[in-house]
1. Of all residues in the range 59-97, how many are over 17 Å from the mean Cα position of the chain (by Cα) and either open to solvent by 30 Å² or more (accessible area, probe 1.4 Å) or hydroxyl-bearing (Ser, Thr, Tyr) (or both)?
2. With the checklist (1) among the aliphatic types (A, V, I, L, M); (2) at pLDDT 95 or above; (3) within 14 Å of residue 49 (Cβ to Cβ) in hand, flag the one item residue 126 doesn't pass.
3. If you go through the range 136-154 one residue at a time, how many are outside any helix (DSSP H, G or I), of a type outside the set (Ser, Thr, Tyr) and in contact with a Pro (Cβ under 7 Å, 6 or more places away or on another chain)?
4. Going by the conditions given, is residue 183 outside any strand (DSSP E or B), under 26 Å from residue 128 (Cβ atoms), touching a Ser or Thr at 6+ places or on another chain (Cβ under 8 Å) and among the aliphatic types (A, V, I, L, M)?
5. With respect to residue 133, is the statement that it is farther than 23 Å from residue 72 by Cβ and in a loop (DSSP other than H, G, I, E, B) true?
6. How many residues are touching an Asp or Glu at 6+ places or on another chain (Cβ under 6 Å) and over 24 Å from residue 218 (Cα atoms) if we restrict to the range 117-145?
7. I'd like the residue in the range 24-56 that is open to solvent by less than 60 Å² (accessible area, probe 1.4 Å) and part of a helix (DSSP H, G or I) and, out of all such residues, is modelled with the highest pLDDT.
8. On the given criteria, is residue 217 touching a Phe, Trp or Tyr at 6+ places or on another chain (Cβ under 6 Å) and either under 26 Å from residue 141 (Cβ atoms) or open to solvent by less than 30 Å² (accessible area, probe 1.4 Å) (or both)?
Amino acid sequence: MFRLFRRPLAVLPIVVAAILGATTLAATSQATDRPTVKPTVVMVHGGWADSSGWNAEIRSLTERGYPVIAPANPLRGLSTDAAYIRSVLQTIDGPIVLVGHSYGGAVISNAAVGVPNVKALVYVAAFAPEHGESLAQLVNRYPGTHITPDALVERPYPLDGGGTGTDLYLKASIFREAFAGDLPRATTDLMQATQRPFSVAAFTEGSGEPAWRSLPSWYLLATQDNAIPRRRRSSWPLVPTPTSPGCARPTCRCSHSRRPPPS
């Protein structure tokens, strides 16, 4: 149940507001004498990022009275990251609109399962894997990503209970081009130096049954995304084309999103 938008990511608040409106109507359709309930928007970032990437959207939504939470995505493994985000969702009363960017799309696809008050999903230049698919499979199956093995630095870290895991970092030489090409270099230099580690386990673990199969879902397409490869496939109802208007990079959600949603 995807609705595909090919527009600058400045419309993310509008897309979310439309979903919020539909959810609010559904929540009050059986009790018109009750006050209107505004859903909580939960925003999940992707790999190498943190929740500050949502600052502009959070500002726009909170100015309109929508409660927003942008929890830190652990970036340790898809199932554990989804379990953590699900635990956050389970503390929220009332309807939820769940938003994910990049790897965050895979996380929300899994985290929403079994949480009945999640009413809609929004994918912002995000992965929306099928059951059993991993990010590594999707990136390797379709050409075009700039996040290749030679763009990464591997660093080992100790696992709880023993053993060693591997964290991935984007090299300074590729970071801006691959990850945030529409932002000033001074900004992306800071982002590269402070990037959060992205575990190989998060990149290689297969998805569970995705919630987008049963929930209303919106996908906002970045047509010049250098992280997620361009693809045309039946399992994602997304067909990027060179002529489609769209934002320049996945991170234009933070650099271009300034338009507030309608009241």
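The values are calculated or read from the model by the stated rules, or taken from the named source; none is laboratory data. In this text, all values refer to a predicted model and were calculated from it rather than measured experimentally. Here the Cβ is made from the backbone with ideal geometry for all residues, glycine too, and neighbour counts use every protein chain on show. Just the protein is used for accessible areas: all its heavy atoms, side chains included, with ligands, DNA and RNA removed. Shrake-Rupley method; radii C 1.70, N 1.55, O 1.52, S 1.80 Å.
1. Result for the range 59-97: 13.
2. Only one criterion in (1) among the aliphatic types (A, V, I, L, M); (2) at pLDDT 95 or above; (3) within 14 Å of residue 49 (Cβ to Cβ) is unmet by residue 126, namely (2).
3. 2
4. yes
5. yes
6. Number satisfying all stated conditions: 0.
7. Among those residues, the one meeting the criterion is 51.
8. Here the answer is yes, as residue 217 does meet what is asked.
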